[in-house]
Amino acid sequence: MNAISANKTSTATSSAFGFTRLNLLGIPALLLVGACHLDWNAESAPLVPVAVDLPLARAQAPRPMSIDVQHYAIQLELFPDSRSLEGSTKIRFLARDEDLLRVDLDFAGLRVEGVRDDQDRELSWQHTGSTLAITLREVLRSKQEIEITVDYSGSPEKGLWFAGDKRGEPTHVFTQGECEDSHWWFPCWETTADFASSEVTVTMPAEWKAVAAGELLERTVNGRTATEHWSMTQPHAVYLTTLVAGEFVVKEDRWNDVPLYYLAEPKYAKWMEASFSKTGDILTFLSDFTGVNYPYSKYSQACVENFPFGGMENISATTLTTVTLDDDLGQRDATSHGLVAHEAAHQWFGDLVTCEDWSEVWLNESFATYSALLFTEHDEGADAFRIDMRNAQESYIAADLDKRRPIIYSIYKDPIDLFGGHVYPGGASRLHLLRSILGDDAFVGGVHEYISANAGRPVTTANLQHAFEQVSGENLDWFFDQWLRSPGFPEFKVDWKWDAGRNKLVVNVAQEQTGADGVPRVFRTPVDIEVRDRGGRATHRLWITDRRHSFEFDVSHEPIWVRFDKFGWIPKTINSIKSPSEWIAIAEEDDDVNGRRDAITKLGEFARTTEDLEMREIYRGEIAARLRTEPNEDVRIAAARAAGVAGGLEARAQLEDAATTDESAGVRVAAMNALLAYCPAPDLAQLALDEFDARFSWNCMAAAAGLYAAAKPEEAYQWMTKQLLLDSPHDQLRSRLLVELGKLPHVAVIEQLKNWARDDSSHPGARTVAIVELAKLARGRASIADFLVHMLDEEDFRLRGAVVEALGEFKDPSTRSKLYDYYRSTVFPREKRAIEAALGTTY
């Protein structure tokens, strides 16, 4: 599952402008802002604390295994008009180690109509909360098998979702089982440690098409309904069971002998080819990387509305957010290839082998994250990979500083709480370091051994360690203990001195992490130190085994630079003490793209802080040269940002040129953002208008809008409100413009944001942005709190999440009481966590 990002800017869908939007420009400004001056300020109201009972996270043990499910046969009939279903699920299972008379299945939110055994005898049952307790007619002996059938009906609260809209009715349904939501749409034994085969038979409107795990065995049409029967014969974890059905366009392709299917609603169909164009290349790469050819009979990717994540790796049938589908302008801002690669990698890491319990979920998510990065290395080259790898390391570090914990972790309230910076980029960063330690051959060999030895069963970190040790011949206890089972990361301080008399270079390395919260005082790791002098470059691999080291090297000439952890294998922070001349040399000549990027950023800081006017111009000139000539777009982005920090007329000229001519949308955006430092300026207002009208990319248009607002603030509001009416895929331009609107000091902004937030003809992504920006301006206003409370019943995940976050900023008892009432009713863990953070222990 990609829970962090769809690898696309999560914005919004366009639709025809309706009456609500016309009102936004038709209402006089004085009427729009009348309420702003009358608001009671809830922030000033006395806070009367009321104790609330919030659960604590606790150590979770693996679920005791009383039964072994062999097969699920799920039959559903869908009723879109009432958003309901009728279902019948057969569960074939055997008793494990003990005889059983009673079986407790997981089932929630739907009405049980009856339970029968395989002799068609009615069984007594009791359905309480999430447990369906079934009493068998006879004792089921250990290893004996039985099949029971549960009939049920109702409208699911989660697990199976009705989505889309056409004349007031949903256009499709999708399921989402991870982490433990399958039992909200069919009775099951909800654990990652139990593998079973499955089949899904769905009856739906005749114009609908479906996709589920495995192969389509049959499709029949009977008047106004159609029925499809799908079968997955390979056993798998229950949360990977899936169904997507709706008014879809289905595009077919082929990779080797495997059929590929891409599904989306008709309005998105024209963008599927660009988003999924590299699927075959990705499957080839992953088959080579894992040593196991793609293991299933087909691979489908279906895009659905209101999907709560970027994507979900259901076995042989990935589900994705529609936001990943985009036009040419959006493709210039970001592609879907990273998301597609991440979810495809899960077909091996997560589906073929699955974490035995959720504390080990890094085995699923870290490998999918790193596999996607490795595909970038394969597809785009080393520089693109190193940039993304550094970004992943920094994302993990930020997450760990926010909440320090190990990668393998069993303390949580709900399993989804674990899905964040530790198990995605954090574990990927550890795999990258392990690759450095073992070398490419042993690392890839270990992956081959891990997959082949464990295919078709649940796994633990011990299985992975064993595979790497078998192939490498190394004892890796130290690595897994320090880097996976301990929290934190090394915090290095590095400096160097040149002893000309002895032709010696001394590099001093210290680990400065305090060792609090279980963080090792010493992280053991190899490190590559590169020394560059006028005679060339030399890289030395050394081992860090102590808290402090002083390494000596024989060097014939004074070093031009010394690079610690060349190419960035170690997840770390580093305080590297370097002279300006060293940074300049790195910016000009380093073959490590991150070295050049770091150097440019540092030169911008030097230019801003130095009082030496001559050196300031040297720094500015170097930054301008890199912006003009650097081949890598990420370094040019850093140069544009540095130019904005450094200032100067030459920098402005270079930024104007980059903003209008660079081939990279990211560089253009960075350049326009940097030009904000030169505003207000009428000539920059014209540049911004020209770039907006050029329609190079949606991000570029949004950056141009922000530049125009800063360059000509007196006209920004009227201009911005007109541009908000423009259409774009998923209303992504509107989303970005609403961010810019929120920055304007105009009296009508709050009411504009309210109107966009309630405009149900806009894509939920744009409405979500309006809520976020509205929250920034709330300042405790009771009318805004009331407005937001009424949006808690929105169906869209993003909208509700934004409302919950916004309400969490209000401190008045009335708002917090309403938030607590919602907390007690919601079944969504992430909403609960956000409310808990806002309320603390009192409201």
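The values are calculated or read from the model by the stated rules, or taken from the named source; none is laboratory data. Predicted, not measured: the structure shown is a model, and the values here were computed from it. Positions of Cβ are generated from backbone atoms using ideal geometry, with glycine treated the same way; all protein chains shown enter the neighbour counts. Side chains are part of the model used for accessible areas, which takes the heavy atoms of the whole protein and leaves out ligands, DNA and RNA. Shrake-Rupley method; radii C 1.70, N 1.55, O 1.52, S 1.80 Å.
What to note about this one:
- Test: residue in the range 212-222 that is of a type in the set (Val, Ile, Thr) and open to solvent by less than 20 Å² (accessible area, probe 1.4 Å): no
- In the condition set (1) touching a residue at least 60 places away in the same chain (Cβ under 8 Å); (2) over 30 Å from TYR412 (Cα atoms); (3) open to solvent by less than 20 Å² (accessible area, probe 1.4 Å), HIS346 is compliant with all but (2).
- Residues of the range 439-461 classified as open to solvent by less than 30 Å² (accessible area, probe 1.4 Å) and in contact with a Gly (Cβ under 8 Å, 6 or more places away or on another chain), total: 2
- Pairs linking a residue in the range 366-381 that is among the β-branched types (Val, Ile, Thr) to a residue that is open to solvent by 20 Å² or more (accessible area, probe 1.4 Å) and part of a helix (DSSP H, G or I), with Cβ atoms under 8 Å and 6 or more positions apart or on different chains, are THR376/HIS337; THR376/GLY338; THR376/ALA384; THR376/ASP388.
- Lone unmet requirement of (1) in a strand (DSSP E or B); (2) more than 27 Å from ALA643 (Cα to Cα) for HIS557: (1)
- Residue check, GLU98 farther than 20 Å from HIS229 by Cα, of a type in the set (Asp, Glu) and surrounded by 15 or more Cβ atoms within 10 Å (Cβ to Cβ): no
- For the range 110-143, taking the residues that are in contact with a Lys or Arg (Cβ under 7 Å, 6 or more places away or on another chain) and open to solvent by 50 Å² or more (accessible area, probe 1.4 Å), the one that is farthest from GLY159 (Cα to Cα) is identified as ARG137.
- Set side by side, the residues PHE810, PHE787 differ, and just one is surrounded by 18 or more Cβ atoms within 10 Å (Cβ to Cβ) and assigned to a loop (DSSP other than H, G, I, E, B), which is PHE810.
- Which listed residue, of ILE623, ILE618, is crowded, with 24+ Cβ neighbours inside 10 Å and β-branched (Val, Ile, Thr): ILE623
- Taking residues in the range 639-660 that are closer than 17 Å to THR601 by Cα, and partners anywhere that are not in a helix (DSSP H, G or I), the pairs with Cβ atoms closer than 8 Å and at least 6 places apart or on different chains are ALA639/GLU630.
- Unique match (being in a helix (DSSP H, G or I) and farther than 23 Å from PHE567 by Cβ) among GLU588, GLU617, GLU611, GLU663: GLU617
- Among residues of the range 811-831 that are in contact (Cβ under 8 Å) with a residue 40 or more places away in the chain and farther than 14 Å from ARG800 by Cβ, those with a beta-carbon under 8 Å from a residue that is part of a helix (DSSP H, G or I) and β-branched (Val, Ile, Thr) at least six positions away or on a different chain give the pairs THR815/VAL789; TYR820/ILE835.
- Identity of the residue in the range 813-839, open to solvent by 20 Å² or more (accessible area, probe 1.4 Å) and among the polar types (S, T, N, Q), that ends up nearest to PRO156 (Cα to Cα): SER825
Residue by residue, here is whether (1) buried (at least 22 other Cβ atoms within 10 Å of the Cβ); (2) more than 14 Å from GLU530 (Cα to Cα) holds:
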| position | (1), (2) |
| --- | --- |
| SER556 | no, yes |
| TRP561 | yes, no |
| ILE586 | yes, no |
| GLU589 | no, no |
| VAL593 | yes, yes |
| ASP598 | yes, yes |
| GLU605 | no, yes |
| ARG608 | no, yes |
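- Enumeration of residues in the range 251-273 that are closer than 16 Å to ALA344 by Cα, assigned to a strand (DSSP E or B) and not hydrophobic (A, V, I, L, M, F, W, C): ASP253, ARG254, PRO259, TYR261, TYR262
- Of residues in the range 380-408 being basic (Lys, Arg) and under 25 Å from CYS355 (Cβ atoms), the one surrounded by the fewest Cβ atoms within 10 Å (Cβ to Cβ): LYS403
- Residue within the range 144-153 that is crowded, with 17+ Cβ neighbours inside 10 Å and part of a loop (DSSP other than H, G, I, E, B) present: no
- Every pair of residues 6+ apart whose Cβ atoms lie under 7 Å, when the first sits in the range 618-633 and is without any contact (Cβ under 8 Å) to a residue 60 or more places away in the chain while the second is open to solvent by less than 20 Å² (accessible area, probe 1.4 Å) and among the hydroxyl-bearing types (Ser, Thr, Tyr): GLU633/SER664
- Some residue of the range 326-342 being crowded, with 24+ Cβ neighbours inside 10 Å and among the acidic types (Asp, Glu): yes
- Residue check for VAL173: part of a strand (DSSP E or B), among the aliphatic types (A, V, I, L, M), in contact with a Gly (Cβ under 7 Å, 6 or more places away or on another chain) and surrounded by 22 or more Cβ atoms within 10 Å (Cβ to Cβ): yes
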